[in-house]
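No lab work stands behind these numbers, since they all come straight from the coordinates. Fair warning: this is a prediction, and the values are worked out from it, not measured in the lab. Cβ sites come from the backbone with ideal geometry, for glycine too, and all protein chains shown count toward neighbours.
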Amino acid sequence: MICHGPFLEGEKIMEKKGLTFVIGGAKSGKSEFAENLYSRDQHVCYIATGVVKNPDGEMQLRIRRHQARRSANWETAEQYRGIEQLIAQRHLDGYLLDDAIMLVTNLFYDCVLKQTTADKIDEYLEATTADDLAAIRQLIMDNWQKILQAQRANQQSMVIVSDEVGLGVVPATKQTRILRDLYGEVNQLIAKQADSVYFVVSGIAQKIK
């Protein structure tokens, strides 16, 4: 199935109580496609994982654009922790998590900044052991397992948005290589458990699962 843009408002093509995964590159139109999987009159919780303490002008503009597209009937939860509890406690028409990459990134730096300072992250990661990296990976994967288990247990309709990170060159630094590998693993985990998966390219979504 290929869904051409612009996306029709209220075009609900996912399983009613299932998990839909929407993936694509930067500025591919994946977020807009995901948002249009729900109609504007549904009671949806938009989970914004890009929690930035001191956003710059570019980030503020991006946030405003996303906010302007959302229905006034939707509620927003700006968080990247405790999402499994949010899903378990609320029974809505659906949940839209945007996006998986920012959730992984925030959890990763939460772990790293407990051990070092922001200006010494590269030095810390160069010296860190395989066991330390495995512990960070396990924490992040466990967090995602909890989210996916909560979605299944509560039979909630949920859409997760993520970036495809495997189409570029191998990153130059250890920090970016570690993150790239984590992103890829999480994307595979979500895709494996999703009822449907859409890949968005230049505003066109193609169903690949």
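Some values worked out for this structure:
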| item | result |
| --- | --- |
| Three-way shape call for the range 161-209 based on the alpha-carbon gyration tensor, with the a/c threshold at 1.5 | oblate |
| Net charge of neighbours whose Cβ lies under 12 Å from the Cβ of G203, counting Lys and Arg as +1 and Asp and Glu as -1 | +1 |
